[in-house]
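Asks: Below is one structure. I have some questions about it.
The values are calculated or read from the model by the stated rules, or taken from the named source; none is laboratory data. As the structure is a computational prediction, the values presented were derived from the model and not from experiment. Neighbour counts run over all protein chains shown; Cβ positions are idealised from the backbone, glycine included. In case anyone asks, the SASA skips ligands and DNA or RNA and just uses the protein heavy atoms, side chains included. Shrake-Rupley method; radii C 1.70, N 1.55, O 1.52, S 1.80 Å.
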Amino acid sequence: MIWLTWRQFRAQAITAAAVLVVFAVLLAVTGPHLASLYAASGIAGCHGSSCGQLASSFVGRLQAAGPYPALDVLSIAVIILTPAMIGVFWGAPLIARELETGTFRLAWTQSVSRARWLAVKLGLVGLAAMALTEGLSLMQAWWAAPLGRAVGYGAGGSLLAAGRFAPAVFASHGITPLGYAAFAFVLGAATGVLIRHAIPAMAVTLAIFAVVQIAVPLWIRPHLIPADHVVAPLSLVQTSLVGVTSPDNLSFPADGLLSEPGAWILSSGPVTSAGQPVITPPAACGVGRGVNLDLLAGCLARQGVRESISYQPVSRFWALQWVETAIYLILALALAWYCFWRVDRRLA
Amino acid sequence: MTVLETRGLGKRYRRLWALSDCTLSVPAGHVVGLVGPNGAGKTTLLSLAVGLLAPTTGTIEVLGGRPAERLPRVGYLAQDAPVYAGLSLADHLAFGARLNPGWDAALASDRIERLDLDPAQKAGTLSGGQRAQLALTLAVAKRPELLLLDEPVASLDPLARREFLQDLMEAVAEQELSVVLSSHLVADLERVCDYLILLVGSRVRLAGPVDELLATHHLLTGPRRDPDTLPKALEVITASHTNRQTTLLVRTSSPVLDPAWSVSEVGLEDLVLAYLSQVTGRGRRRLEVQK
């Protein structure tokens, strides 16, 4: 069975190996130079407030010239697209093609049981899918380590230096790529079992996986672990008050109000001392166009207006990674069970 | 020992019964012809016998056990002889060797050589006949005790048909295996099978050794007569009449002694056609025209 799985999977395995090699070469060639730029930036030996400035100027210089922004975006895109491609090109045809061409009648009437046939196929190709995606992710993590450290010193905000909770970064680092790869692959296989035709199964797999990958960061990931809440006085960080852009639209940059940087802000907004959300400035602070924003902010602070923030602290990065990966792996197991049930009992 | 035993076996697809109330007991050592018109349930019966389908009703035993458990001892050639288009012939032999503990590698490579096929050739480029031969090689080299062949010659031209059957009979003689092969044409099987199962409209109409079937069926010709007045021992399968003459195909275990009838033997093909025409009125008329 191992031989058969390898023989039928050979072409896809060679494609995957080619992707892995090109990816590795690209990052291996540019990675050391990026690391040397970081070393030359002096961030490593910085003290106090100079760190933030050094990190920002380091990222700024990378942003201004050189291949690094493009490489960063490209490599992250490859990691995010790989599970989808695995689902479409490895998972969906795995069983659907056998059903479509009738070769299942050959494969399932040898001396090997159907359950074993499926277990070896799902197991080996599934492991290859997880290894490929996580391999790409680890390489990117090594390459982007200087950027990650710069972000840690507060050089956030740009695409190149997106925080760890930015959807693309969260989805391409840590252990989540393992979960996505396993889920996408088994999703493809199960769709193939259900639809029994490879091309429609490929299209449906892509559609379902895309919807899941958009829905999870938007609606599910923020609530995997109950968020922390804090109500911070506006006076805590004076510079944050600059964020008041218009008297009709009160909003403050919330991350500046938290004690540790890098948190994932889920929602934030000004509230009164009684806890009621402030939609328009209190009458006492004067309403109307031409109000001096700095004066307005000071007035708000005196009125007891504070900022309510709901967030996931940066220390939860790994906890959220584990929970999300576990959910994807459980979904993959459930879909695998469905494949076994259909192949072993229902199909012919 | 029986190679195939079914009791009240039935298979329903949604609301349509593909096979119903099928009770059979096929002894070992025969080449069994499974005959019936298209859609009679032949493929369903064979699929049930290799566990590709599960019965809706009744039971099926192959070589004395559940079909899925007996797969190592059963060779199966599915309808249209599916093979992996992208794999070479050598790959297919490796496939057989890796998936079957009893694989006879020498037998398999001998057959490929004798068929004058290039092992490096991709199976997708084979002709219909060559593909059937490759699939038969996979089934035979498994060294099965029972070989189940679903319409193995349907896609072959007459010459390839003859060669395929000849080849099959050689394999049968060498390996002492039991064979069940299906076809919707009796003529294909007449030369090779010594046991017949006739499926019509999802039901078994006739089953038994060919010589026994031929010995108990007679074609009677005589003066015109109502078939209802015949003795009970004669089971009338078909009757046709002209103004003065009646022709009957009857089944009886005792000899027909009535001197009014001239008794003649019936061939296997005519026998099968008679049973087929018995089912539909239209078929009966067609048979009358032929006589």
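Asks: If r is the Cβ-Cβ distance from B:ASP110 to B:VAL263 and R0 is 60 Å, what FRET efficiency results, to the nearest 0.05?
Replies: The pair B:ASP110/B:VAL263 has a calculated efficiency of 0.80.
Asks: Using the Cα centre as the reference, give the magnitude of the dipole from point charges on the C-beta atoms of the protein assembly as shown (Lys, Arg: +1; Asp, Glu: -1; all else neutral), rounded to the nearest 20 debye. Please list the in-between numbers first.
Replies: Working: 50 positive and 45 negative charges, 245 e Å.
Dipole about the Cα centre, nearest 20: 1180 debye.
Asks: For the stretch A:1-154, what Kirkwood radius comes out of the mean inverse Cα-Cα distance, in Å? Let's see the in-between values first.
Replies: Numbers: mean 1/r = 0.0543 Å⁻¹.
It is 18.4 Å.
Asks: Treating the angle as unsigned and between 0 and 90°, give the value, to the nearest 10°, between the Cα long axis of helix B:105-114 and the longest Cα principal axis of chain B.
Replies: Approximately 70 degrees, to the nearest 10.
Asks: If I require 15 Å or longer along the helix axis, counting alpha carbons, and a Kyte-Doolittle average no lower than -1.0, what helices from chain A are left? Use full DSSP H segments.
Replies: A:2-41, A:50-64, A:68-85, A:114-143, A:176-195, A:198-215, A:317-341
Asks: Follow-up question, since we're still on this one. Amide H to amide H, which residues 5 or more places from B:LEU77 or on other chains are under 5 Å from it, using H placed in the peptide plane?
Replies: The answer is B:LEU148, B:LEU149, B:ASP150.
Asks: Right, another one. Suppose a student asked you for the relative contact order of chain B, using Cα pairs under 8 Å spaced at least 6 residues apart; what percent would you report?
Replies: In percent, rounded to a whole number, it is 19.
Asks: If you don't mind, another one. Can you compute the charge dipole magnitude of chain B about its Cα centre, using +1 on each Lys and Arg Cβ and -1 on each Asp and Glu Cβ, nothing else charged? Give it in debye, rounded to the nearest 20.
Replies: For chain B, the charge dipole is close to 1340 debye.
Asks: How far apart, in nm, are two points set 7 Å out from the Cα along the Cα-to-Cβ line at A:ALA115 and at A:ALA17?
Replies: Placing both labels 7 Å beyond Cα along the Cβ direction yields 3.4 nm.
Asks: On the first, second and third principal axes, largest extent first, how far apart are the outermost C-alpha atoms of the stretch B:134-291 in Å?
Replies: 57, 30, 28
Asks: When the Kirkwood hydrodynamic radius is evaluated over all pairs of different C-alpha atoms of chain B, what value in angstrom, to one decimal, is obtained?
Replies: Computed over chain B, the radius equals 20.6 Å.
Asks: How do A:ARG149, B:ARG98, B:ARG251 stack up against each other in accessible area, from largest to smallest, with a 1.4 angstrom probe?
Replies: B:ARG98, A:ARG149, B:ARG251
Asks: Now a separate question. Buried by at least 30 Å² relative to the chain on its own: which residues of the stretch B:36-85 qualify, computing accessible area with a 1.4 Å probe on protein heavy atoms?
Replies: Buried on complex formation: B:LEU52, B:LEU71, B:TYR76, B:PRO82, B:TYR84.
Asks: Where does the protein assembly as shown land on the Kirkwood hydrodynamic radius, alpha-carbon pairs, in angstrom? Could the numbers behind the result be given before it?
Replies: Details: mean 1/r = 0.0324 Å⁻¹.
Evaluated on the protein assembly as shown, it is 30.8 Å.
Asks: Something else now. Between B:LEU214 and B:THR23, what FRET efficiency follows from the Cβ-Cβ distance if R0 is 25 Å, with the result rounded to 0.05?
Replies: 0.65
Asks: In nm, to one decimal, how far is the A:HIS197 label point from the A:ALA319 one, both placed 7 Å along Cα→Cβ?
Replies: With each label point 7 Å from Cα toward Cβ, the separation is 4.9 nm.
Asks: Moving on to the next point. How long, wide and thick is the stretch A:117-204, going by the Cα atoms along their three principal axes, in whole angstroms, largest first?
Replies: Over the stretch A:117-204, Cα extents along the principal axes are 52, 24, 15 Å.
Asks: Principal axis lengths of the stretch A:71-127 from Cα atoms, whole Å, largest first?
Replies: Principal extents (largest minus smallest coordinate, Cα): 49, 21, 11 Å.
Asks: Also, I was wondering about something else. Using +1 on the beta carbon of Lys and Arg, -1 on that of Asp and Glu, and nothing else charged, what's the dipole of chain A about the Cα centre, debye to 20? Intermediate results must be reported in sequence, preceding the final value.
Replies: Values: 19 positive and 12 negative charges, 243 e Å.
The calculated dipole for chain A is roughly 1160 debye.
Asks: Suppose we look only past 36 Å in the calculated P(r) of chain A. What percent of the Cα-Cα pairs does that tail hold? Walk me through the intermediate numbers first.
Replies: Details: 23100 of 60378 pairs.
Every Cα pair in chain A considered, those over 36 Å come to 38 percent.
Asks: For the protein assembly as shown, which cysteines have no second Cys with its Cβ under 4.7 Å from theirs?
Replies: So far as the 4.7 Å Cβ criterion goes, A:CYS339, B:CYS22, B:CYS193 stand without a partner in the protein assembly as shown.
Asks: Taking square-rooted eigenvalues a ≥ b ≥ c of the alpha carbon gyration tensor, is the stretch B:73-195 rounded, prolate or oblate, where a/c under 1.5 means rounded and, failing that, a/b exceeding b/c means prolate?
Replies: Judged from the Cα gyration tensor, the stretch B:73-195 comes out oblate (a/c at least 1.5, b/c at or above a/b).
Asks: If you fit an axis through the alpha-carbon atoms of helix B:268-279 and take the longest principal axis of the Cα set of chain B, what angle between them do you get, 0 to 90°, nearest 10?
Replies: 70 degrees
Asks: Would you calculate, for chain B, the mean residue ellipticity at 222 nm contributed by helices, counting each DSSP H stretch of 4 or more residues as -39,500 (n - 2.57) and dividing by all residues, to the nearest 500?
Replies: The helix-only estimate for chain B comes to -9500 deg cm²/dmol at 222 nm.
Asks: How long is the gain from A:ASP344 to A:HIS223 if the chain were fully straight, where each residue apart is worth 0.36 nm and the alpha carbon distance is subtracted?
Replies: 39.8 nm
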